[in-house]
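Take a look at the structure set out below.
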Amino acid sequence: MSGNFGTAKDSRIFVAGSKTLIGKSLIFELRSRGYQNLTPSHEEPDLTNQLEMERFFTDFKPEYVFLVGGKSGGIQMNQEFPADLIRENLLVETHVIHEAYRNKVKKLLYLASSCCYPKFCGQPMQVEALFTGKLEPTNEAYAAAKLAGIVLCQSYRFQHKVDFITVIPANPFGPGDDFKPKNSHVIPSLLRKMHEAKNRKESFLEIWGTGAPIRDFIFSRDLADACLFLMEQYDEEKPINVGSGTGCSISELSHLIKEVVGYPGELFFNPEKPDGMPIKVLDSSQILKLGWKPKTSLEQGIKATYGWFLEEMYAAKK
């Protein structure tokens, strides 16, 4: 086990994907714990550009890497831009992982996705189920790229004896999330839609799908906390799940967001729109046994995320 990360406050740390939701949460957590030798977000190289990555690793010489970059989005984005999603994620994974090996990084943590699990996976989802069935068609390209990242980490571990680990998170959300209509995941998408429907005084709001699918959500700062914990405590080849341990249906989630936003209208679930995977709940028993657990409830996290969204909207109008 590495065991040095927690005490090495002067270590050079590269958060590859510092402008993503998880990247911003990691930067916040790292700085709050006294890590100061981080790559500034405005100096982050283009992760898809091989030459930029080579120059960056040569100049900065990071000792620890959190690989959380790459393009992602909800069902609509996955349906419209599958080529962009698979290409960008493959490039990011390939360049960052290879340069980390080439420059003798002490440890790398790669953040995969729960989309990597088969569509009809046993519940809760265990890492042994990876590669055992067909992927969900609505995010197949993205999932294939994230699976490739898992195999890359394992292959470099085997061939080059490097300490590269993989974390599979539940659906993350939180302050700093992407609220753009075509890019956003389910929680920021519903928050924005209900906020706008409330302001327009609309009597009902359409929501894609039946509302029946069940998801596992994790607050972004809890996930960042888990990543720091695992960078110190975990060094196995096998990926490790990080989730809340409970599932919530899209219908339940929608009504919770309705309460948080204060939208008075009716919700209409459109079964003609895709649902995505029927159930995605992670088996997080391993990280719980190691001594970590999430601190933020789904309701608390949604309230914090909505509060951030309102502040951003207000600031944009100034």
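Note that the range 214-318 presents 48 Å² accessible area per residue, ligands and nucleic acids not counted, probe 1.4 Å.
Taking the longest Cα principal axis of the chain as reference, the axis of helix 50-60 is set at about 60 degrees. Remark: spin-label model distance residue 252-residue 269 equals 1.2 nm, labels positioned 7 Å along the Cα→Cβ axis. Once all protein chains are placed together, residue 47 keeps about 20 Å² accessible to a 1.4 angstrom probe. Per atom type, the chain shows carbon and sulfur on 52% of its accessible surface, probed at 1.4 Å. Fully extending the segment from residue 46 to residue 300 would add 88.0 nm, taking 0.36 nm per residue of separation and subtracting the current Cα-Cα distance. Rounded to the nearest 10 degrees, what's the angle between the helix 140-160 long axis and the longest principal axis of the chain, both from Cα atoms, 0 to 90? Helix 140-160 sits roughly 20 degrees off the main axis of the chain. Sequence-ordered 3J(HN,Hα) estimates for the range 298-310 from the Karplus curve with 6.51, -1.76 and 1.60 and θ = phi - 60° stand at 4, 4, 4, x, 5, 4, 5, 5, 5, x, 5, 4, 5 Hz, glycine and proline given as x. Of the residues 296, 58, ranked by 1.4 Å probe accessible area with the largest first, the sequence reads 58, 296. Using a probe of 1.4 Å on the protein chains alone, the accessible area found for residue 131 is around 120 Å². Here is the P(r) of the chain: all C-alpha pair distances, binned every 20 Å from 0, give 33, 58, 9, 0 in whole percents.
Holding the Cα-Cα limit at 19 Å, pick out from 71/258; 193/258; 24/280 the pairs that are longer than that. Spell out each step's value before the answer.
Values: 71/258 28 Å; 193/258 10 Å; 24/280 25 Å.
Pairs exceeding the cut-off: 71/258; 24/280.
Max-minus-min Cα coordinates of the range 14-72 on each principal axis give 32, 27, 18 Å, with the largest extent listed first. Using the average count of surrounding beta-carbon atoms within 10 Å as a protection proxy, the listed peptides 212-225, 233-246 rank, highest first, as 212-225, 233-246.
Ranking request for peptides 266-272, 19-25: highest mean number of other beta-carbon atoms within 10 Å first, then the rest in descending order. Provide the component values of the computation, followed by the final result.
On the way: 266-272: 11.9, 19-25: 21.6.
Ranking the peptides 266-272, 19-25 by packing returns 19-25, 266-272.
Just need the relative contact order of the chain here, percent rounded to a whole number, with Cα pairs under 8 Å and 6+ apart. Result for the chain is 20 percent. At the residue level, residue 160 shows approximately 60 square angstrom of accessible surface with a 1.4 angstrom probe and all protein chains present.
Rank 180, 119 by accessible area, highest first, at a 1.4 Å probe radius?
On the way: 180 120, 119 45 Å².
If we order 180, 119 from most to least accessible, we get 180, 119.
Helix 82-102 and the longest principal axis of the C-alpha atoms of the chain enclose an angle of approximately 30°. The phi-based Karplus calculation (6.51 cos²θ - 1.76 cosθ + 1.60; θ = phi - 60°) puts the 3J(HN,Hα) values of the range 125-138 at 6, 10, 4, 5, 7, 4, 6, 9, x, 5, 7, 5, x, 6 Hz, whole numbers, x for Gly and Pro.
The values are calculated or read from the model by the stated rules, or taken from the named source; none is laboratory data. Predicted model only: the values in this text are computed from it and were never measured. Methodologically, a virtual Cβ is constructed for each residue, glycine included, from the backbone with ideal geometry; neighbour enumeration extends over all protein chains shown. These accessible areas exclude ligands, DNA and RNA; they are computed on the full protein's heavy atoms, side chains included. Shrake-Rupley method; radii C 1.70, N 1.55, O 1.52, S 1.80 Å.
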